[in-house]
């Protein structure tokens, strides 16, 4: 009788990971779903109320967007230090500490009276949140059988979409009635409940191996891998363009001829539900056709979505947003899971680097898009985002010609 690879590994004394159908596998998937909700409800809650913040605090579109960018900059800065901490104290312990700190800073910034203080506290909250995205994928690859890691990683990405929806769609309608601070505070409560669910559900780690290798050595090893660089470029370019669309579409729809209220604009974030579905479907398709074709197809879908937002019809704009979101989360699910599977050394640092590029793109391009929007309007934003996506596709195609490329 032939043993499965997982059973062979277990009999040899090497941890092979939880299999699909086991109680622990289900707990891990649900826990990471909750972690995705917690992280992204906290991170993007301000995005749905940016026009209200801009008007109530007399700030420009680009300045108000700093409430989003400060959080993502902090997260980008925090991912590598958290990976170093996690290599020493464990992924679960580090993630729990990150969630506690995020909750404290999240509550603090929602009641801070001054805009500058809010930016500082958002930066600190982002630093705390840096202990969740990269470590979640690393924890997953430590604990789940490699044969099922791609689909499990896609489930985590589904949780991030649900977190994005809950944060934005709660904040916007509530802000319309009680003010944007109350709206963001309720979104923060959702994040806190997600953190609590993660702490309760996540089973004890069995695959964690303490790694005392120097942080710089692991970082350099992954940055020297051309395939990893292609994946990191996907994170920077695709996430940056995606966030730019969501940051500034609200300003376009608030103005004539649409003249939508903040509550109605926040409903557009229901488009994230498309990402909840597409992330899991992309994981399944990658198992059948390979990661690279699905990644490139997802990017092409993004371009189609952006093109539709150029229409003057609100219906076509909404359809375009759904198509864009479908493509983006399909691409993100493939690229983020691929990094964890590809890493040969410093898996925590490999995933953290992906998140560093991912949130750097969100911060830099998300903020710079404000200047593009101010100068060239929505046509400028759409052109910028399409060029970013085309660059990502070109890099993926070029990487395919390299030996062992991504």
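Here, each number is a calculation from the coordinates, and none is a lab measurement. The model shown is predicted, which means the values in this text are computed figures rather than measured ones. Cβ coordinates were reconstructed from backbone atoms using ideal geometry, including for glycine residues, and neighbour counts include every protein chain displayed.
For this structure, a couple of remarks:
- The order of 112, 39, going from fewest to most other C-beta atoms within 10 Å of their C-beta, is 112, 39.
- Taking the chain and dividing mean pair separation by its residue count, relative contact order in percent (alpha carbons under 8 Å, at least six apart): 25
- Using alpha-carbon coordinates, inclination of helix 314-342 to the longest axis of the chain, degrees: 30
- Crossing angle, helix 272-289 versus the chain [Cα axis fit, 0-90 degrees, rounded to tens]: 30
- Cα centroid separation, region 27-78 to region 286-308 (Å): 26
- Ordered by the number of other Cβ atoms lying within 10 Å of each residue's own Cβ, fewest first, 83, 313, 360 fall into the sequence 313, 360, 83.
- Global form of the chain, assessed from the alpha-carbon gyration tensor, a/c cut-off 1.5: prolate
- Between the Cα long axis of helix 226-254 and the first principal axis of the chain there is an angle of about 30°, rounded to the nearest 10.
- Cβ-based exposure ranking for 69, 55, 102, in which fewest neighbours within 10 Å come first: 55, 69, 102
- Computed from label points 7 Å out along Cα-Cβ, the spacing between residue 273 and residue 368 is 3.5 nm.
- Ordering of 57-64, 367-374 by burial proxy (mean other Cβ atoms within 10 Å per residue, highest first): 367-374, 57-64
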